[in-house]
Amino acid sequence: MTTTLSVLAFLLALGALTVSLQARRAASGRTAATGASDLPHDALGLRHEVAALRAEADRALRNLAVVRYDAFGDMGGHLSWSLAVLDDHGDGAVLTSIHGRNDARSYAKAVTSWRCEQQLSPEEEDAISRARSGPATG
């Protein structure tokens, strides 16, 4: 959350600086495109900071998917679930909760590069596949 707010703050500052530079160009009658070397030093620093934040963001656990299902045929309600929580490189975890009549069991399995060393259930594989291809589903 903090990283997201920081990125937004930097992007807003960069946007304000861009508007300011465009107003200066318009006032001075210049219409030619200006390269990065014409930006003030602070703007170049902001560009580097934004690039660093973007590189850090690809390690954020933002690829999520939930698969709900009935683990046992005699129970309904889709009370069991598998949740994949992964970054853009496919690193993270898949969490599973199996609900039975008298108990519930939870499991966590590490995922690296979209693969798991432990055997995955079909629902866990489905959660990882959904996380890789799009937004959270249920």
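The values are calculated or read from the model by the stated rules, or taken from the named source; none is laboratory data. Quick caveat: nothing in here was measured; it's all calculated off a predicted structure. Ideal geometry is used to build each Cβ from the backbone, glycine not excepted, and the neighbour counts take in all protein chains shown.
Of note:
- When region 58-72 is filtered for residues that are over 13 Å from Ala127 (Cα atoms) and either of a type in the set (Ser, Thr, Tyr) or in contact with an Asp or Glu (Cβ under 8 Å, 6 or more places away or on another chain) (or both), the ones remaining, listed by number, are Asp58, Arg59, Ala60, Leu61, Arg62.
- Pairs, first closer than 14 Å to Leu95 by Cα and assigned by TED's automatic domain parsing to the domain that holds Val94 in region 110-123, second among the aromatic types (Phe, Trp, Tyr) and not in a loop (DSSP other than H, G, I, E, B), C-beta under 7 Å, six or more apart: Glu123/Tyr69
- Evaluation of Val50 against (1) of a type in the set (Val, Ile, Thr); (2) in the same structural domain as Ile128 (by TED's automatic domain parsing); (3) at pLDDT below 95 (one fails), failing number: (2)
- Residues of region 46-85 satisfying the condition of being exposed (fewer than 12 other Cβ atoms within 10 Å of the Cβ) and more than 18 Å from the chain's Cα centre (by Cα): His48, Gly73, Asp74, Gly76, Gly77
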